[in-house]
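One structure below.
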């Protein structure tokens, strides 16, 4: 198989994977953790503990708050101190469960041994139930509850499970490290998900700049001998790891506007999610840990780390353990430089989907001075959704919602390629994100009105 | 040579005539009949096309005014009562008077009152900033200071005060069109009754956090203590979600609330005299003492 | 913009070598007036931050100068700059807003206002001598004259010996029309730097080649052949540097190809049937008008949509 890639747009930022050689270290436990109730897409979880309750590692502390929601488990053992709002990464108050750490006592049902369990349970429903009970969510960024994604709606059949090992965001190395250090677990996780989806084929997509990971995964696939799993080499190109782009690259199919991957027979899961699925199903271990990268531009090697962290640890604790916030850092970002969010509040805690603490220098984050658009079309060439950002930007300024919808502002995946490629420093992404929000509002209102009208007609 | 000239003239004349005929026909065919009153009403309107009335512009407003059976649902905030009376007379209808309003900024989180806890480095737009995070101060409800309201104002009535970082309303220029109210993602700006001689009392804060949290974020925050509501004799003040609100329809401008507010969140403007807080507080205390005495007497009598 | 300036350097070098101080003076006056006018107008008339720093005025100045004969009076150059910068560019709202290519607008204005000076191709003394620097007219205008006086193309070619050598030297032409080779070198640089995409020039030159091949095939006595048409006049400069101007060309690839075909078509029609010897400038200006329409009609393919 040749090197695959998606069919339109994309940019080639320097990959800056400085932390690639840093083996995963276990982050020590802080004195207190704050576990967010909104660390997945969908409805926030409902806390089921009260101040004063004692919890062990893996005790359920919150239940799903809706159909699209997930369980949350205690990442530590100790006493619940409070169930109260606390500021999240963006500074908005979110319900958190505060737990004072005492010792490190795990729920006895969790298998903490290192032995690899390769036997796949026969019962699909059983696998799915364990994934749900362990609160597994997608770790590729969107944190969509995995059990929902693995239950295609009736009439839809999954033809291909795509494991996303592209890690196309610069700087991030956590997926790379788990592919090197725990390849077999990932492959077993993939086999489990294949089983749930009814035995479709599985492609593990990895970008060409990680040859070691490709070799490691190939070896694991060969050693374990599950049928229908292959490793595909993808060209290095951002945003290869975007769900729609990855489906295009691997299956040469495109998901229609407003559609879901399953419409074209695809289910995409991150390699990290696959590992979480393995731990949930084979080891009964809930999703309470994940790997994050601490890195930055021009940071000395001793300040770069890949940490196995407990969810709920404050970012300030991570930074402190990693050697403190470097002086050169002008901006701290949670996640990658392209799609990550600037951290305004280091007291915010890590969540299931945390992937990196990234320090960027003044030079790396400086915005270009905005000048006039000369219609060079670089943004349109870079857009992986085939949109015309310059046009959307103009329409947004003219507040022409109808034309924005016609020109597919709602299809924007907010990857930032337009902003990255614009030589005039125009804040395309900022404006298009606003436009997308407004258009989505119109679309939703229209759908709601149509639904109401249909119901009225029924009566 | 002569023939060429004659031919040229002839051909061009015929062509011109033909095109004129086509134009004439098209104009006849596609003429839109419009009620002449629409034009008349539109001429009476200020012509700012600001959209403050909720219509796409003055023409749309006029169109709707002519078609509707009464004018109750429509109001031109820029022209005010004067223009509405004119419109009503053109259409042969009557319209009730409305109190003049203007935009009031309900945030007093100046740089001094509300320290910055991080540095915002993104696009200078409140809407973009609000979509990204809670802002560069600890108050997630307050003014973001990027001036979307200033940009939205078509009358030049708003400006950013560089010292406080807050928008300032020029009362002489504000027409209460409401463009800034719509532009503000934090819903800080409110259209309030202008008040007699411009005098009015209002709570300059929208922070819904509990007292200690709000106070920590901003020295001038409303902490929802309810002192003002207890003091008010006119029932004009309500406290919901830890924020007080003064109903301008009930407020009698006695300024007692302003005097008792512990954080100075209540503002009185355009009063001829400066507020003597101690005198007002004494007045309240005296009244309370009297009331207590009267109650005691009543209890003794009863 | 800096890349465009670099890309123009080979052609500028050739023209300065060929036409000497006079050419250098025209270039200097043109660039200086364009930059000065842009600075002055943005500062005092528009009261906006100056856009001189983006070097777009320099590019306009260079392109304008390359479209003028080296012997032209310098005050005419200045008038060209006024038209290009003040009318074609800034009155439309400055960079990014202009409908017409400023340099070409300036050139066309001068061409219709000062036809005598604009077609006086007497070569000024250069630093090196051009092989057949004898003609006082461009090959295209000389040809037009020859055809009018009843001679055929083969006779004309014999008399003037135009062949592939004109790929490097092209006697009696404006700076930009002088050397197709130098222009191509610059364009390849732009391609490598990914500043421009090759579709528009390919469409322009391809259309011109196709039309001249067909007409030359039908009647070689009246219609010139492919190499002559591609290598003389402003074909190269227009196709490579003027038609590819971001602001005044369509955004989508398909739109660009149609735009290019239109330019090639109009240019060849003017050359074959019009009264002007050269039609590149008019062709580009005419197609500039269609750009908003092409942008409206042709969009690039969107992901997941038919």
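The values are calculated or read from the model by the stated rules, or taken from the named source; none is laboratory data. Just so it is clear, the structure is predicted and the values come from calculations on it, not from any experiment. Cβ sites come from the backbone with ideal geometry, for glycine too, and all protein chains shown count toward neighbours.
Being within 25 Å of residue C:89 (Cβ to Cβ), surrounded by 12 or more Cβ atoms within 10 Å (Cβ to Cβ) and either more than 11 Å from every other protein chain (Cβ to nearest Cβ) or modelled with pLDDT under 95 (or both) is the requirement here; does residue A:419 meet it? So residue A:419 fails the test. Across segment A:394-414, the qualifying residues are those that are within 12 Å of chain C (Cβ to nearest Cβ) and closer than 14 Å to residue A:434 by Cα, and the one among them that is surrounded by the most Cβ atoms within 10 Å (Cβ to Cβ) is A:409.
Checking the conditions here, which among C:244, C:253, C:232 is in contact (Cβ under 8 Å) with a residue 24 or more places away in the chain and at the interface with chain A (Cβ under 10 Å from one of its Cβ atoms)? C:253 is the lone residue from the list that is in contact (Cβ under 8 Å) with a residue 24 or more places away in the chain and at the interface with chain A (Cβ under 10 Å from one of its Cβ atoms). Here residue A:338 fulfils each of the conditions (1) within 12 Å of another protein chain (Cβ to nearest Cβ); (2) in contact (Cβ under 8 Å) with a residue 24 or more places away in the chain; (3) crowded, with 18+ Cβ neighbours inside 10 Å apart from (1).
Per-residue answers, yes or no, for (1) in contact (Cβ under 8 Å) with a residue 24 or more places away in the chain; (2) closer than 27 Å to residue A:270 by Cα:
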| site | (1), (2) |
| --- | --- |
| A:317 | yes, yes |
| A:320 | no, no |
| A:323 | no, no |
| A:328 | yes, no |
| A:333 | yes, yes |
| A:345 | yes, no |
| A:349 | yes, yes |
| A:353 | yes, yes |
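With a requirement of 2 or more residues that are within 14 Å of chain B (Cβ to nearest Cβ), the strands (runs of 3 or more DSSP E) lying completely within segment A:22-141 that satisfy it span A:78-87, A:93-101. You will find that of A:101, A:57, A:97, A:136, the residue that is in contact (Cβ under 8 Å) with a residue 60 or more places away in the chain and in the same structural domain as residue A:275 (by TED's automatic domain parsing) is A:136 and no other.
Only residues that are in a loop (DSSP other than H, G, I, E, B) and either in contact with a strand residue (DSSP E or B) (Cβ under 7 Å, 6 or more places away or on another chain) or loosely packed, with under 10 Cβ neighbours inside 10 Å (or both) were counted across segment B:1-56, and they come to 5. Filter segment B:203-212 for residues that are over 20 Å from residue B:284 (Cβ atoms) and in contact (Cβ under 8 Å) with a residue 12 or more places away in the chain and give the result. Across segment B:203-212, the qualifying residues are B:204, B:205, B:206, B:207, B:208, B:209, B:210, B:211. Give the residue, chosen from C:50, C:56, C:70, that is at pLDDT below 95, farther than 22 Å from residue C:244 by Cβ and crowded, with 24+ Cβ neighbours inside 10 Å. Just one listed residue meets the conditions, C:70.
Yes or no, residue by residue, for (1) within 14 Å of another protein chain (Cβ to nearest Cβ); (2) surrounded by fewer than 17 Cβ atoms within 10 Å (Cβ to Cβ):
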| site | (1), (2) |
| --- | --- |
| A:185 | no, no |
| A:188 | no, no |
| A:196 | no, no |
| A:200 | no, no |
| A:205 | no, no |
| A:229 | no, no |
| A:237 | no, no |
| A:244 | yes, no |
| A:252 | yes, yes |
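Kindly provide the set of residues from segment A:321-335 that are crowded, with 21+ Cβ neighbours inside 10 Å and more than 14 Å from chain B (Cβ to nearest Cβ), ordered by number. The answer is A:322, and nothing else.
For residues in segment A:396-442 being part of a helix (DSSP H, G or I) and touching a residue at least 60 places away in the same chain (Cβ under 8 Å), which is farthest from residue A:336 (Cα to Cα)?
It comes out as A:410.
Candidates in segment C:265-300 are the residues that are outside any helix (DSSP H, G or I) and more than 19 Å from the chain's Cα centre (by Cα); of these, the one that is modelled with the lowest pLDDT is C:300. Take the residues of segment A:422-431 that are in contact with a helix residue (DSSP H, G or I) (Cβ under 6 Å, 6 or more places away or on another chain) and within 11 Å of another protein chain (Cβ to nearest Cβ): which is nearest to residue A:379 (Cα to Cα)? Out of the qualifying residues, it is A:428. The test for being in contact (Cβ under 8 Å) with a residue 40 or more places away in the chain, away from every other protein chain (no Cβ under 14 Å) and over 22 Å from the mean Cα position of the chain (by Cα) does not hold for residue B:102. Within segment A:364-391, if we keep just the residues that are in contact with a strand residue (DSSP E or B) (Cβ under 9 Å, 6 or more places away or on another chain) and without any contact (Cβ under 8 Å) to a residue 40 or more places away in the chain, the residue that is farthest from the other protein chains (Cβ to nearest Cβ) turns out to be A:366. Per this entry, residue A:269 is counted among residues that are more than 14 Å from every other protein chain (Cβ to nearest Cβ) and within 28 Å of residue A:183 (Cα to Cα). For segment A:350-361, the criterion of being in contact with a helix residue (DSSP H, G or I) (Cβ under 7 Å, 6 or more places away or on another chain) and assigned to a helix (DSSP H, G or I) is satisfied by no residue at all.
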